[in-house]
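A.B. asks: Can you keep this structure in mind? I'll have questions shortly.
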Amino acid sequence: MGVITKDIVIIGGGSAGIAAAVCAYNNGCKDILLLEKDAELGGILLQCIHNGFGLHRFKEELAGPAYAQKWVEMLDATDVEVKTSTTVIHLSADRLITYVNPREGYVTIKAGAVILATGCRERSRGAIATPGFRPSGVWTAGTAQKYINMHGYMVGRRVFILGSGDIGLIMARRMTLEGAKVLGVAEIMPYSNGLPRNIKQCLDDFDIPLYLSHTVTDIKGHDRLSSITISKVDENLNPIQGTETDFDVDTLLMSVGLIPDTALATEAGIKLHPKTKGAVVDEHMMTSVPGIFACGNGLHVHDLVDFVSLEGEEAGLSAAKYVKGELTHDKSLEITAGEGVSYVLPTYIDTKAMEDNTELKLRVGYNARNVRIVLSCGDRQIKEINKLRIAPSEMEKFPISRDELSGCTQNLTISVKEQ
Amino acid sequence: MAKDVTKTYTCIVCPRGCDVTATLDESGGIVSIDGNFCPRGETYVRNELTHPMRQLTSTVAIQGGIYARLPVILSAEIPKEKMTDVMNALKDVSVNSPVNRGDVIISNVCNLGVDVLASRSM
Amino acid sequence: MYDIIIIGAGITGSFIAHNLSKRQCKVLVIDKEADVANATSMANSAIIHAGYDPKPGTLKAKLNVLGNRMYPDICKELGVTYRKCSAFVVAVDPDESKILDTLKSQAEDRDVTCIDRSGEDARKLEPNLSPSVIRALEFPDTGIIYPWNVAIALMEEAVLNGTELKLCEKVVDITKTSSGYTVTTDKSVYESEYVINAAGLYADRIYEMALKSKPDYSIIPKRGEYYVLDEMAQTVVNRIIYPVPGPAGKGVLVIPTIHNNILLGPNSDITDSPDNNNNTASALNYVKQNVGKTVINIPYDKVIRTFAGLRPSGNDGDFYIKESESLSGFVNVACIDSPGLASAPAIAEYVINEVMQGRFNYELKSDYIHRTPIKYMNELDDEAKNEMIAQDPSYGEIVCRCCLVSKGEILDAIRRPVGATTVKGVKKRVGPGLGRCQGGFCEPLVVDILAEELGIDKTQVRYDSPDSVMLVDKM
């Protein structure tokens, strides 16, 4: 029996995967299969009931489920085949995919191109090795969000939050509005990783203190969480003895970072980026394995869903070109993160194959005002952009054209410089 | 001579989060508003100074849906201090599936002139 | 009236119960925990040591070697995984090499297979061994198990054959009567002819209840802390890597697990309470520093969890396994620290055949029932998987995407004898939550399944103990 083939198989039906499917379809590729592990499409947006989605894409501020629904409606207008409650088990470098669902069992198919839109997972308490006991009542913020917003169950009444990422901040507001007492948010860095608007409307509005340069150093409770201890940290992020403060809480939510889900990428032998923990890609979102593309939070963690969709569309367009034989995969210029930049994507640009214009996406390493972001090729400065304000919590985009890169023969570096 | 006071606000209208500075005269009157990228930032700060407004999203119980809760959003912002009232108004609401995105779940909630709308179809 | 009451459903109590369930006697097992193998047996290195290192002449030396030889067959009979993964004990200087000489001669005396390797030779087999390793002894008969899976399987089979099990019941008093013992718990009162005290960290307190005075041994809880690495780090080592043993025990190890994780640890710190199984920053740092002496290139960004376990150590260094001198029929199976797990099957035989010398000589049952092993989808080929899914589609519904556990397997874990009643119980039996997301994605689904299967509201679902409340209110 021959293996069923599909031109494009997209793994993950969240915002990146749906956008990739829609875009690939609208660019002439009709034989597309979208695989989603949950019972419906939409991914993590379905539990993000707060507003703030879609400002770039739809010019309106939507709640997460509404943003997802608008995309699903666009997908419904296509003939993309969708399988929900379907988990992908294996992915090989030659694009064999094994998935399972209750209706078909285990099925292996072959794809002309694969788009990994697998999303990310939350770093857990275990991953950051927070000391203390291991009672119930310690959750990642996203898990608590799911219990509250989708299942309709409150996870606790007296809450502390570790990490000032957006999910943590949003949960502080959400739990407060649902009647819980949020005693504080601790952030190990000297600045918050959340959007300024969330500090304002999630913490300041409710007088919830934000403890910068603090982390949780002890967790007590044999059964359910009974208390936590926070401590101030020094410049090396090590707790300072004698600065401990205890909080009697029944719930500790962890909002300590997101990590791209790369289990399948790893299995397929795709090279991973040491900083983003996602795949290394070129400007077409193609990974180190030809014909396998990656996008969205499964590639690197975004702060706005609109950009996730945009990146999904880029991957969808590229995959469509790839299956039509219009995409070359030459060894190309490497772009590295210089001073002040924590990472830059893509890692490679092929100046011959690139579109007329493309965008570098980067995250800076610190908060600053009035700086320049500078792209150089060796000693030669190619382009610079002035920035009024930069923050590690906000992804920066750096547009670059083929003309600007013409004549570049050696690797590129992007850095932050004082004005 | 009377001294002007400045107050800085992080605009929450969109994820951009502009730092908007309002300069006030001695009696609290607005002299100028700067730092906003768009006009909505000025409106936001004017509201913050007089009557802060907030969007509110939450959930209501739904019967027969894929999940136990239906996410809801307001048709417009409400005074910040009314958020608790609206949350209380949502507590005992239960709707039946199917619901369409944008359906009015509660009209004129708490007499605020604002509707509670379904954020999604379910 | 029971013939025998066993206090403690850890690995030791489970082996004893299982052994006795083959005989015509009435046995009750009582444990204060919410599940079998929930304290010391839950949190340890999960190694079936070969038995070369306990001091000559000790019970530990005798029972470890015997136990190591019993495990492969027992695990096969029970249908649980046992993997002979082999181990290196490595020396980094000539003094340590001298200790290897001692271990080697002890191994020879005990008929334990031992291969002497140069550092270079060892590094060929384990490329991440530190360059400072100058010599390694390989013990190919060293194995790994999931201790709780073995204990649960043992107890399951015991219960299938008539053993009674009471969980979440705390023994509060034991009184000698003319015909045996009255054991009072926080829920009920039971009578038996014999009592076996396999209460682990609480063994001395249990004995004191019966004795009404201080016993002649005391339990010193020694905490060991560990890191768990994601299966993506599984290539770090193939074998268990031990440093040379020191006064504090076997030292900090690097250990592959059955599910292809890697454990790093443990340290050994005396604590003042048998409940202090908390992690501490200092011990975790100690583990990191010491692991580096034997193994390099450890990907700490692949840490998914830390845990701590307590060893119920005795005051004289050996197991304390004997009948009470003043209370006849009261047997202490105590101070079972390392190599307690490796020795456990031999401990059960030793108690029944030697300590009780024929007094447990009940007739063997002719209608003994073997358990049906849990079918793990991951261990089947695609055809067998599809047969399962065709019969029951829930086997095609993946709940835990990290460890690829289906809803069908979770339902099995709940429906079996000694079935899971808690989130932790499900995790122990079939694995959702053991992976890199640590339950972040699958826990809400597991809670749903437990609530539905047990016919309770989700607010009644517990993580582990009856007080480990999860969801506090229905909105």
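A.B. asks: Which whole number gives the average count of other chain Cβ atoms within 10 Å of the Cβ atoms across peptide A:132-143?
C.D. replies: Per residue, the average neighbour count from other chains is 6.
A.B. asks: With the contact rule set at Cα under 8 Å and sequence spacing of 6 or more, what percent relative contact order holds for region B:5-50?
C.D. replies: Computed value for region B:5-50: 33 percent relative contact order.
A.B. asks: How many nm is it between the label spots at residue A:387 and residue C:22, if each spot is 7 Å from the Cα in line with the beta carbon?
C.D. replies: Distance between label points: 7.0 nm.
A.B. asks: Consider a paramagnetic label point 7 Å from the Cα of residue A:404 along Cα→Cβ; state which residues of region A:295-339 have an amide N under 17 Å from it.
C.D. replies: Residues passing the 17 Å test: A:333-338.
A.B. asks: If you don't mind, another one. If you line up the Cα atoms of region A:264-419 on their principal axes, what length do they span on each, largest first, in Å?
C.D. replies: 45, 33, 25
A.B. asks: Between residue C:212 and residue C:349, what is the FRET efficiency for a Förster distance of 35 Å, r being their Cβ-Cβ separation, to the nearest 0.05?
C.D. replies: Between residue C:212 and residue C:349 the formula returns 0.65.
A.B. asks: Can you give the Rg/Rh ratio of region A:34-181, where Rg is from the C-alpha atoms and Rh is the Kirkwood radius?
C.D. replies: Rg divided by Rh gives 1.03.
A.B. asks: Which distance in Å, rounded to a whole number, links the C-alpha centroids of region A:143-179 and region A:3-47?
C.D. replies: One Cα centre to the other: 30 Å.
A.B. asks: Please work out, to two decimal places, the log10 of the ratio I(q)/I(0) at q = 0.08 Å⁻¹ from a Debye calculation in which every Cα of chain C carries one identical scatterer.
C.D. replies: -0.48
A.B. asks: Treat each spin label as a single point 7 Å out from the Cα along the C-beta direction, and report the residue C:105 to residue A:30 distance in nm.
C.D. replies: Output for this residue pair reads 8.3 nm.
A.B. asks: Could you tell me which residue out of C:459, C:408, C:393 lies farthest along the dipole of region C:377-460 toward its positive end? Charges go on the beta carbon: Lys and Arg +1, Asp and Glu -1, centred on the Cα centre.
C.D. replies: Of C:459, C:408, C:393, it is C:459.
A.B. asks: I'd like the orientation of helix A:305-323 relative to chain A: the angle between its Cα long axis and the longest Cα principal axis, in ° from 0 to 90, rounded to 10.
C.D. replies: So the inclination is approximately 20 degrees.
A.B. asks: Related question: How far is helix A:64-76 tilted off the main Cα axis of chain A, in degrees rounded to 10, range 0 to 90?
C.D. replies: So the helix axis and the longest Cα principal axis differ by about 20 degrees.
A.B. asks: What's the longest piece of chain A with no exposed trypsin sites (Lys or Arg not before Pro), counting a site as exposed if DSSP puts it in a loop and it has at most 15 other beta carbons within 10 Å?
C.D. replies: Counting only loop sites that pass the neighbour cut-off, the longest clear stretch is A:158-270.
A.B. asks: Could I ask something else about it? Report, ordered by chain and residue number, the aspartates and glutamates lying within cross-link reach of residue C:365, taken as a straight Cα distance under 19 Å and ignoring same-chain residues fewer than 8 apart.
C.D. replies: The reachable aspartates and glutamates, counting only those whose Cα sits under 19 Å from residue C:365, are C:3, C:77, C:156, C:157, C:164, C:349.
A.B. asks: Further question on the same structure: For region A:224-299 and region C:14-46, what is the separation of their C-alpha centers, rounded to whole Å?
C.D. replies: Between the Cα centre of region A:224-299 and that of region C:14-46, the gap is 39 Å.
A.B. asks: OK, next. Using the 4.7 Å Cβ rule, please list in number order the cysteines from chain B without any candidate partner.
C.D. replies: B:14, B:38, B:110
A.B. asks: Over chain A, what is the relative contact order in percent, taking alpha-carbon pairs closer than 8 angstrom and at least six residues apart?
C.D. replies: On the way: 1045 pairs, mean separation 66.4, N = 419.
Here the relative contact order equals 16 percent.
A.B. asks: With charges set only on the Cβ (+1 for Lys and Arg, -1 for Asp and Glu), what does the dipole of chain B come to about its Cα centre, in debye to the nearest 20?
C.D. replies: For this selection, approximately 460 debye.
A.B. asks: Sticking with this structure for a sec: Using the Karplus equation 6.51 cos²θ - 1.76 cosθ + 1.60 (θ = phi - 60°), what ³J(HN,Hα) coupling, rounded to whole Hz, does each residue of region A:210-216 give in order, writing x for Gly and Pro?
C.D. replies: With the stated coefficients, region A:210-216 comes to 10, 9, 6, 6, 10, 9, 7 Hz.
A.B. asks: Over region C:42-109, what portion of Cα pair distances is larger than 20 Å, expressed as a whole percent?
C.D. replies: Everything past 20 Å amounts to 41 percent.
A.B. asks: To test your reading of the geometry: what angle, between 0 and 90 degrees and rounded to tens, separates the Cα axis of helix A:15-26 from the longest principal axis of chain A?
C.D. replies: That helix lies at roughly 20 degrees to the long axis.
A.B. asks: Compute the relative contact order of chain C as a whole-number percentage, counting only Cα pairs closer than 8 Å that sit 6 or more residues apart in sequence. Intermediate results must be reported in sequence, preceding the final value.
C.D. replies: Working: 1044 pairs, mean separation 91.2, N = 475.
It comes to 19 percent, rounded to a whole number.
A.B. asks: Next question, about the same structure. DSSP loop GluC sites (Glu not before Pro) in region A:1-100 with at most 14 other Cβ atoms within 10 Å of their Cβ, which ones?
C.D. replies: A:60
A.B. asks: Taking the Cβ of each residue in A:202, C:85 as the centre, tally the other Cβ atoms inside 10 Å and list the residues starting with the fewest.
C.D. replies: C:85, A:202
A.B. asks: Under 27 Å between C-alpha atoms is the cut-off here; go through region A:330-419 and count lysine pairs that meet it, provided they're at least eight residues apart or on different chains.
C.D. replies: So the count of such lysine pairs works out to 16.
A.B. asks: Turning to a different aspect of this structure: Treat each spin label as a single point 7 Å out from the Cα along the C-beta direction, and report the residue C:472 to residue C:382 distance in nm.
C.D. replies: It works out to 4.9 nm between the two label points.
A.B. asks: So how strong a dipole does chain C carry about its Cα centre when Lys and Arg Cβ are +1 and Asp and Glu Cβ are -1, to the nearest 20 debye?
C.D. replies: Dipole about the Cα centre, nearest 20: 380 debye.
A.B. asks: Where does the protein assembly as shown land on the Kirkwood hydrodynamic radius, alpha-carbon pairs, in angstrom?
C.D. replies: Kirkwood hydrodynamic radius for the protein assembly as shown: 31.0 Å.
A.B. asks: Are there trypsin sites (Lys or Arg not before Pro) in region C:191-246 that DSSP puts in a loop and that have at most 15 other Cβ atoms within 10 Å, and which ones?
C.D. replies: Sparse-neighbourhood loop trypsin sites (Lys or Arg not before Pro): C:212.
A.B. asks: Related question: Taking H placed 1.01 Å from N in the peptide plane, check which residues at least 5 places from residue A:335 or on another chain put their amide H under 5 Å from its amide H.
C.D. replies: Under 5 Å from the amide H of residue A:335: A:348, A:349, A:412.
A.B. asks: Taking the Cα centre of each part, how many Å lie between region C:145-195 and region B:18-86?
C.D. replies: If you average the Cα positions of each part, the centres end up 61 Å apart.
A.B. asks: Which listed residue (A:378, A:406, A:333) has the Cα farthest towards the positive end of the charge dipole for region A:330-419, taking +1 on Lys and Arg C-beta and -1 on Asp and Glu C-beta about the Cα centre?
C.D. replies: Checking the options against the dipole of region A:330-419, the answer is A:378.
A.B. asks: Roughly how many debye, to the nearest 20, is the charge dipole of the protein assembly as shown about its Cα centre, given +1 on each Lys and Arg Cβ, -1 on each Asp and Glu Cβ, and no other charges?
C.D. replies: The dipole of the protein assembly as shown has a size of about 260 debye.
We did not get these values from a lab; they are worked out from the coordinates using the rules stated. Note that the coordinates shown come from a computational prediction; the quantities given were computed from them, not determined experimentally. Glycine also receives a Cβ, built like all others from the backbone with ideal geometry; neighbour counts cover every protein chain displayed.
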